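The values are calculated or read from the model by the stated rules, or taken from the named source; none is laboratory data. What you see is a predicted model; the values in this text were computed from it and never measured. Cβ: placed from backbone, ideal geometry, glycine included. Neighbour counts: every protein chain shown. Ligands, DNA and RNA are stripped out before the accessible areas are found, and what is left, the full protein with its side chains, is counted by its heavy atoms. Shrake-Rupley method; radii C 1.70, N 1.55, O 1.52, S 1.80 Å.
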Amino acid sequence: MRKKLNVAVVGGGLCTLIPLGGYSVIWMIMEPDSYSGDSMGAIVIISLAIGKTPLEIEQFLAKNALSFCLPVVGKEMMRSKLDEFWNGIKFADLPVECNVSIALTPPKEFMRTIIPYVVTRENAGERKAADIAVDSSTVPGLYLPNQLIVDGKKYLALDGGLALNPPLIPDAKNILFSYENPSSLKENSWNKWARFPQNEKADLLFNPYTEQFGMLGGAKKVCDAFEFGRQAMQKEKTQFLEKLGF
């Protein structure tokens, strides 16, 4: 019996378009059993699970990127646009299994205690996919966190990149689509807790190096990041697919 294949996509705002661009080169060849992601990576993997193409996802993000960057109000705009893009689907009804990381923090210990939490079909309840994607994208200082009840305890939901960037699946072959951007790893960066440790744990890694992009940007930057990732995968496509066994 073959090992299950999990495609994981790293979050990171605009930078997530780099792994999406890489995936666009080989996505028609791959048949993942599951996806995992956090923050913008969660938006990407849920879209893929529903059946959206990488190009459709790029176009959607290019159209909405700047509005999603707006403090406070961008959160509700993101929720509304994603719910429309995904036709109101519940997370538990996604046609392909998805695993989305959220960082939980107790209200009285805000940001001092970070607890990794992975949303799955089994624990998502009746919540919509858009609600969970927004929780995973709740960047501290940009969006106000939602309150969640987990195992009878109250928590605030923060960006999944603070905890697992992204979650990898035990007993699966994890193919991680990431990026290496030094500007996102500085000690004074908001996501200094997320040191991309999953890059070292994945079974196979796509991880092009660039200092060209930051976390935020408009339509042109979205398209440029996507194209950078696409070109990077084109250069290593043959070797990458050989490692996958194709």
Exercise. Could you list which residues have their amide H under 5 Å from that of Ser36, counting only those 5 or more apart in sequence or on another chain, with H placed in the peptide plane?
Key: Val7, Ala8, Val9, Asn99
Quiz item: What is the chain's relative contact order, in percent, from Cα pairs under 8 angstrom and six or more apart in sequence?
Solution: 30
Exercise. State the volume of the convex hull built on the alpha-carbon positions of region 31-151, expressed per residue in Å³ and rounded to an integer.
Key: 99
Practice problem: Would you work out what percent of the accessible area of the chain, with all protein chains in place, is carbon or sulfur (probe 1.4 Å)? | Solution: 53
Exercise. Whole number please: convex hull volume per residue, Cα atoms of the chain, in Å³.
Key: 116
Quiz item: Which ³J(HN,Hα) values, rounded to whole Hz and listed in residue order, are derived for region 231-246 from phi using the Karplus coefficients 6.51, -1.76 and 1.60 in 6.51 cos²θ - 1.76 cosθ + 1.60 with θ = phi - 60°, glycine and proline given as x?
Solution: 5, 5, 5, 4, 6, 10, 4, 4, 5, 4, 5, 5, 5, 6, x, 9
Self-check item: Protection-proxy order for peptides 233-246, 46-59, 13-26, each taking the mean of Cβ atoms within 10 Å per residue, highest first
Solution: 13-26, 46-59, 233-246
Quiz item: Given the protein chains as shown and a 1.4 Å probe, how many square angstrom of Arg2 are accessible, to the nearest 10?
Solution: 150
Practice problem: For region 69-131, restrict the atom set to alpha-carbon positions and state the Rg and Dmax in Å. | Solution: 13.7, 37
Quiz item: Assuming a viscosity of 1.567 mPa s and a temperature of 4 °C, what translational diffusion coefficient in µm² per second does Stokes-Einstein assign to region 37-79, Rh being the Kirkwood radius over Cα pairs?
Solution: 120
Practice problem: Check cross-link reach from Lys63 to the aspartates and glutamates: straight Cα distance under 19 Å, and skip same-chain residues fewer than eight apart. | Solution: Glu76, Asp83, Glu84, Asp224, Glu227
Quiz item: How would Ser80, Ser136 line up by accessible area, probe 1.4 Å, largest first?
Solution: Ser80, Ser136
Quiz item: Mind listing the phi-derived Karplus ³J(HN,Hα) values for region 58-74, rounded to whole Hz, using 6.51, -1.76 and 1.60 with θ = phi - 60°, and x for any glycine or proline?
Solution: 4, 5, 4, 6, 4, 5, 10, 4, 5, 5, 5, 7, 5, x, 6, 5, x
Quiz prompt | Order by protection proxy (mean Cβ within 10 Å, highest first), peptides 222-228, 82-88, 102-108 | solution = 222-228, 102-108, 82-88
Quiz item: Which residues' amide hydrogens lie under 5 Å from the amide hydrogen of Lys90, considering only partners 5 or more residues apart or on another chain, with H built in the peptide plane?
Solution: Ala129
